[in-house]
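Student: Let me give you the structure first, and then I'll get to my questions.
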Amino acid sequence: MKPLYSTTKKRLCSGKLFNAVIVVLLIVLSIIIIFPIWNVIVNSLSGAQASASGINIFWTSEFSLENYKAVFRDTSIWRAFIVSVLKTVLGVICHVFFCAMVAYGMSKKTLKGRKLYTTIGVITMFFSGGIIPTYLLIKSLGLLNSFWVYIFPALFSYYDMIILMNFFRQVPESLEESARIDGAGVWRTFLSVILPLSKPVLATIALFHGVYQWNDFMTTKLYITKEALYPLQMKLYEIIVQQQVTSMVNPTSVAITTTSKGIQLATIVVTTLPIIIIYPVLQKHFVTGMMLGSVKG
Amino acid sequence: MKQLKTRVTKVGIIWLCFTALMLVGCGQSNSSSKTGVLQPLDGRYEVNRNTPAWQLDSKEETTLTWYVNADWWNTDWGNDVVTKKIKQDLKLDVKFITGDDTKLNTYFAGEDLPDIITIFNSSSQVAQSANQWAYALSDLADQYDPYFYQTAKKDTLDWFQLSDGKTYGYPDFSNSQEDYDKGYIDAATAFVIRKDIYEALARPSMGTQEEFLSVLSAIKDKYSDIIPFGFNEMSNSVGSLGEDFQNFIGVPIVNEDSTWYDRNMDEDYLSWIKTFNNAYQQGLISDDSFSDDGTAYEEKIKTGQFATIMLGGTPQRSGALQIWMNSHPDSAYIAIDGPQSTKGHAPTLAQSGLSGWAVNYVTRDCKDPVKAIQLFTYLLSDEAGILTNFGVEGETYKFNEEGKIELLPEIRTLKETDNDRFKKEIRLGEFCLFGHDRYHRLGSESIPSTEQLKEWGRGKLKTQFIIENIEPDQGTAEARSLSAVNTNWVTTLVAMIRSQDDNTFKQLLKDYQTFREKNHWKAIVNIRNEKMNRNREKLDSTIEQ
Amino acid sequence: MLVQERVLDKKSITQRIKQWGSEFKKQLALQSMVLPGIVFLIIFSYIPLYGLSIAFKNYSIVSTLSSADWIGLENFKIILNDQYFWDSVVNTLGISLLKLAFGFITPIILAVMIYEVKEGPFKRIVQTISYLPHFLSWIVLGGMLISWMSTSGMFNQILITLGVINEGKNILLDADKYWWIASLSDIWKEAGWGTILYLATMAGIDPTFYEAARIDGAGRIRQIWSITLPLIKPIITLNFILTISGLLGSNLDQTMVLMNSQNQPKAEVINSYVYRMGLQQGDFSYATAADLGVSIVSVILLILAHQLTKKLNDQSVL
């Protein structure tokens, strides 16, 4: 997009008012959106008294890192972090490649059996057997208490496949044609022409699946009992729910220095931060147009 | 469309084939080990009536999987003072698993149960069908560890008998008549008022409905930014204005002919609800009390925003009360007599009864039932009661001059200053799956914020064994109806308190009654009466012996 | 059906299979890409489908799938005769339609606006901010909304300052406002996240299109209307189809947090009702039957929406 905007000054000038309106609108929207998040961060950095009295709106009068100390006191949190990173990275690579591969095949209208495949796929978007038979399946596949339970069952999603397929269909026929003339087979075309051209959509699917992998703790809750395989979200889920045990079973020991709400919020900040940082990294793929690299350059 | 239809048929055929394959595969699971017949000890040790078997058993290492049907349970084992000691004594490693009903069902559906199971509803289908998947505790005790009968309570064992006459599960916090009589149990309900306000208004009485309203009005006039009257969160339950308040003004639990009494329709109770309605109309109750969740409610206690509170579950709120007390010692909440029955009933506060809270089972898939029953015996002993509440003598506590248990200074400091480390390394008062209230008495410590509340409640507790576990069984039409009726009652009760005139108030009540009639109400009452009869039989047989 | 055809026209069928087979062989490379996906779906999505049999059984928490008794359509009868269930259907549709009316185009407008902003830090910051609320769980957000909508909360303060009202009222207790609260708060949370797919698609648009339009003298709005929007149409269509088929779905977490005894008549949605009646009561059969019913209706909606968009677009996106 960059070359376009920098060379088309006229286009931008012609819409000065238009630009101003958009910028103002976006600023207002951003403030509305950021406010509650700011609230979460401020309260997570606040001591118990100030956060309990609800006076922390824009900043806190009682700055304290106690909540964060409480979250990081559990040393196994670092191992959980590594599990999370591993399952997210590996999960995303496998998922994106697998979905893209199927999507490329499905994007060809001449594919034999395409209609049958579509029906098979669409049905899975609506019907699921539920937790119990899935558990039995995972068990019979020997995936209980195995790291691979994070990767295999999440390998494919028909929804992601549809998005990729629709994107691939927009790739100009001419590009594939020229690859074929150069003697490239289906797989070569897919790997060396389609994939490099589809960075924006691949980045999108990677983001979607990455966020899923990062946030998912149901898989752990259902299939994993080995603590060594707990991801960050599971650890922090435990921290949150075990806050309740104190007040439930042992009211005498409710901590005075940290409120459970404060720890909850600190927990949310700690778990969310790493995945939020991913976005700016992927962002450049959303703004680099796909045709720039091929047709023009 | 038509094409899609044929495709769907084809997919259907494929799916049927796979299903058939799967079912064939699944159908051949072995159930040979699940007959409930116990293996003989084979000379592992000689059972002795007067010695706990864990002291005799020389087996070196055992690992048991223990499923707890609650997500908040701390799954650590052997890293804190309490579980480290249990681990040493029993030479036992425990792997805790936590989850919810769905997770529990996956184990049943997979026909592969963990060794020990703890659930939290003694009238659930899981508990009722325990004779199909758990070992009878008496069988285990007779064969492996007769000392069990010395640490387990007979009342509790009798109460938990299933229809085959055997007991399969053992609960924690099972309070018997004896516990009540000896005053081991503290009240958990109180009507509290902020001390400064109470004094400023010259210690007014709030017993009659007129007094109640006039005191609240006086509070409103004098303290404009304080909410005159608060109560437990009511966003999705009746909070403390349901059963808790009914007990507070002593609404009976049975009719004169001993049948189930319709407490919600009690005249005395409804006249108080009408009083709350008047208070609402005069702006003495905040609307937010009906939408706040538990956290928001506690935040308000922590910051002293209520003048008076109908407080249910005081032990659970003691932390919040303590925070307020620490920052404003002169304004702490104190219990007063508060609202009184218009019919002269005395308060009949309730606490957990024989049914207790968590119920523990040894499953028929248990790898080492010998060790499991030893664990039960151990955890039910007085020694374990002291261990889980106070730790190890010399390490975490000592006896003071009065013979009461006192935490060592460094342990207490740790508890007060670094609670998370305390929980992780010491874990006192938290390992509660076999815990009982009676041990709290041994300690010298008290929570300042609730001490006066407990004192106030002394002698006002009454058992309600007869109406424990009397709801229709899960999954029946009556259970579904009852759930709808209960939901409707919450909506009705709040709407009644918030109603703007008498007619609306009366109409709401009438609508609720009509709703009940349409939803199997008679059948529900019948079931309750039947179950009360069964309870009565159990209780009578206990007394006879 | 297959058997019948074969008897009627054995020869032509065998011929057709042969022909089909040879074409299939030519596509072996393409098929080798698609078939792993199909095998995956059969293993992980189709095999567990036998679990749906729970809907026709008297299944309890201590049952195994083979031990529970068949009871036919009994569970469906219970659901269909349940007044509360139908109330929850009405609420679900009400909230979903509001979300469709206001929430469907919001991400599109937002995406177009972000797309039109000049490349630079401002654009990147706005984009990042807009997607942040997606990461806040409803537990936290719900707690905030409850306090903002309380009698002395932020919303009432603003309204009092503006002179719209004299005295704060608890907005969440007002059942008539609940549909709006549910749909608008959901839009607010997810609109930014919803732009991602559109922005990714827009990034794929050939910039020369705009250049040509500019030379033709087309203004900015005109360019958006006749270049940007038509080119993201497949994704819009896809989202539309999925939104329509998801009309009976709703946000369970949101409902559980925001629902209270007074707004319940308007707040109870299918999800929350099934959750409370089914899983909290240990009644798996009821829950499975209700979910199965919802799935069937959803597929019908999907087919209808798909047919409709296919007619309008002359192209299938599935």
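The values are calculated or read from the model by the stated rules, or taken from the named source; none is laboratory data. Since this is a predicted model, take the numbers as computed values, not measurements. For neighbour counting, all protein chains shown are included, and Cβ atoms are generated from backbone atoms with ideal geometry for every residue, glycine included. Please note that ligands, DNA and RNA were not included when accessible areas were found on the heavy atoms of the full protein model with its side chains. Shrake-Rupley method; radii C 1.70, N 1.55, O 1.52, S 1.80 Å.
Student: What does the average come to when, for each residue of peptide C:308-318, you count the partner chain Cβ atoms lying within 10 Å of its Cβ?
Tutor: Numbers: counts 0, 0, 0, 0, 0, 0, 0, 2, 3, 5, 11.
The mean count of partner-chain Cβ atoms within 10 Å per residue comes to 2.
Student: What is the Cα centroid distance between the range B:279-344 and the range B:348-369, reported in whole angstrom?
Tutor: 32 Å
Student: Any idea what angle helix B:502-518 forms with the longest principal axis of chain B, computed on alpha-carbon atoms, 0 to 90 degrees, nearest 10?
Tutor: Helix B:502-518 sits roughly 20 degrees off the main axis of chain B.
Student: Could you work out the helix-only [θ] at 222 nm for chain C, with each DSSP H run of four or more residues adding -39,500 (n - 2.57) and the total divided by the number of residues, to the nearest 500 deg cm²/dmol?
Tutor: Working: 17 runs with 199 residues, N = 318.
-19500 deg cm²/dmol, from helical runs alone.
Student: Which distance in Å, rounded to a whole number, links the C-alpha centroids of the range A:182-202 and the range B:109-130?
Tutor: 54 Å
Student: Dipole size in debye (nearest 20) for chain B around its Cα centre, Lys and Arg Cβ +1, Asp and Glu Cβ -1?
Tutor: Details: 58 positive and 80 negative charges, 320 e Å.
Its charge dipole is roughly 1540 debye.
Student: Further question on the same structure: Report the Rg/Rh value for the range B:54-154, based on alpha-carbon coordinates and the Kirkwood definition of Rh. Numbers along the way, then the final one.
Tutor: Numbers: Rg = 15.0 Å, Rh = 15.4 Å.
When Rh is taken as the Kirkwood radius, the ratio is 0.97.
Student: Let me ask something else. As a test of the definition: which semi-axes, in Å, follow for chain B when you take the square root of five times each eigenvalue of its alpha carbon gyration tensor? Largest first, please.
Tutor: Values: eigenvalues 371, 228, 111 Å².
Whole-Å semi-axes of the equivalent ellipsoid: 43, 34, 24.
Student: Along the charge dipole of the range B:279-329, pointing to its positive end and built from +1/-1 on Cβ of Lys, Arg, Asp and Glu, which listed residue (B:Leu284, B:Ile309, B:Ser327) has its Cα farthest out?
Tutor: B:Ser327
Student: Provide A:Leu175, B:Leu241, C:Leu35 ordered by accessible surface of protein heavy atoms (probe 1.4 Å), highest first. Don't skip to the end; give the middle numbers.
Tutor: Numbers: A:Leu175 35, B:Leu241 0, C:Leu35 65 Å².
Most to least solvent-accessible, the answer reads C:Leu35, A:Leu175, B:Leu241.
Student: Let me ask another. Please give the charge dipole size of the range B:34-98, origin at the Cα centre, charges +1 on K and R Cβ atoms and -1 on D and E Cβ atoms. Round to the nearest 20 debye.
Tutor: On the way: 9 positive and 10 negative charges, 27 e Å.
Here the range B:34-98 has a charge dipole of around 140 debye.
Student: Continuing with this model, one more query. Compute, for C:Arg222, the solvent-accessible surface of its heavy atoms (probe 1.4 Å) with the complete set of protein chains present, and express it in square angstrom to the nearest 10.
Tutor: The accessible area of C:Arg222 comes to roughly 140 Å².
Student: How large is the dipole of the range C:168-240 about the Cα centre if only Lys and Arg carry +1 and Asp and Glu carry -1, each at its Cβ, rounded to the nearest 20 debye?
Tutor: 140 debye
Student: Place +1 on the Cβ of every Lys and Arg and -1 on the Cβ of every Asp and Glu in the range C:74-312, take the dipole about the Cα centre, and give the residue among C:Gly153, C:Trp193, C:Leu301 whose Cα lies farthest towards its positive end.
Tutor: Most positive-ward Cα: C:Trp193.
Student: First obtain the Kirkwood hydrodynamic radius of the range C:74-312 from its Cα pairs, then insert it into the Stokes-Einstein equation at 37 °C and 0.692 mPa s, and state the resulting D in µm² per second as a whole number.
Tutor: Working: Rh = 20.5 Å.
Result for D is 161 µm²/s.
Student: Can you find, among C:Ile236, C:Ala290, C:Leu93, the residue sitting farthest towards the positive end of the charge dipole of the range C:74-312, where Lys and Arg contribute +1 and Asp and Glu -1 at Cβ?
Tutor: Of the listed residues, the answer is C:Ile236.
Student: Leaving ligands, DNA and RNA out of it, rank B:Ser327, B:Ser224 by accessible area with a 1.4 Å probe, largest first. Display every interim value, and only then the final one.
Tutor: Values: B:Ser327 50, B:Ser224 105 Å².
I get B:Ser224, B:Ser327, largest accessible area first.
Student: From the Cα gyration tensor of the protein assembly as shown, with a ≥ b ≥ c the square roots of its eigenvalues, which class applies: rounded if a/c is under 1.5, or else prolate if a/b is larger than b/c, or else oblate? Please list the in-between numbers first.
Tutor: On the way: a/c = 1.81, a/b = 1.40, b/c = 1.29.
It is prolate, given that a/c is not under 1.5 and a/b is the larger ratio.
Student: I would also like to ask the following. Over what distance in Å are the Cα centres of the range C:56-74 and the range C:119-196 separated?
Tutor: What the calculation gives is 43 Å, centre to centre.
Student: Then there's this: By accessible area of protein heavy atoms, probe 1.4 Å, what ranking do A:Ile37, A:Ile27, B:Ile197 get, highest first?
Tutor: Numbers: A:Ile37 25, A:Ile27 75, B:Ile197 0 Å².
Largest accessible area first, the list is A:Ile27, A:Ile37, B:Ile197.
Student: Can you give the accessible area buried between chains C and B, summed over both chains, with a 1.4 Å probe, in Å² to the nearest 100? Please list the in-between numbers first.
Tutor: Numbers: alone 20420 and 26460 Å², together 43200 Å².
That pair hides around 3700 Å² of surface in total.
Student: Shifting gears a bit: Holding the Cα-Cα limit at 23 Å, pick out from B:Lys367/B:Lys538; B:Lys87/B:Lys367; B:Lys85/B:Lys415; C:Lys18/C:Lys310; B:Lys59/B:Lys95 the pairs that are longer than that.
Tutor: Details: B:Lys367/B:Lys538 33 Å; B:Lys87/B:Lys367 17 Å; B:Lys85/B:Lys415 19 Å; C:Lys18/C:Lys310 32 Å; B:Lys59/B:Lys95 18 Å.
With Cα atoms farther than 23 Å apart: B:Lys367/B:Lys538; C:Lys18/C:Lys310.
Student: I'm checking a number: the convex hull volume of the Cα atoms of the range B:465-545, normalised per residue, in Å³. What is it? Spell out each step's value before the answer.
Tutor: On the way: hull volume 7.9 nm³, N = 81.
With only Cα atoms used, the range B:465-545 gives 98 Å³ per residue.
Student: Still on this structure, please answer the following. Could you tell me the calculated FRET efficiency between B:Lys462 and B:Gln282, based on Cβ-Cβ distance and R0 = 41 angstrom, to the nearest 0.05?
Tutor: Numbers: r = 33 Å, r/R0 = 0.81.
Approximately 0.80, to the nearest 0.05.
Student: What do you get for Rg/Rh of the range B:345-431 when both radii come from the Cα atoms and Rh is the Kirkwood radius? Please report the intermediate quantities before stating the final value.
Tutor: Values: Rg = 17.5 Å, Rh = 16.0 Å.
A ratio of 1.09.
Student: Okay, next question. Output the peptides A:154-167, C:87-100 sorted from most to least packed, where packing is the average of other Cβ atoms within 10 Å over each peptide's residues. Present the calculation step by step, with values, prior to reporting the outcome.
Tutor: Working: A:154-167: 22.6, C:87-100: 19.1.
Going from most to least packed, we get A:154-167, C:87-100.
Student: From the cross-link list B:Lys371/B:Lys531; B:Lys522/C:Lys77; B:Lys153/C:Lys57; B:Lys424/C:Lys189; A:Lys69/A:Lys199, which pairs have alpha carbons spaced over 28 Å apart? Walk me through the intermediate numbers first.
Tutor: Details: B:Lys371/B:Lys531 35 Å; B:Lys522/C:Lys77 22 Å; B:Lys153/C:Lys57 40 Å; B:Lys424/C:Lys189 37 Å; A:Lys69/A:Lys199 40 Å.
Distance filter (> 28 Å) returns B:Lys371/B:Lys531; B:Lys153/C:Lys57; B:Lys424/C:Lys189; A:Lys69/A:Lys199.
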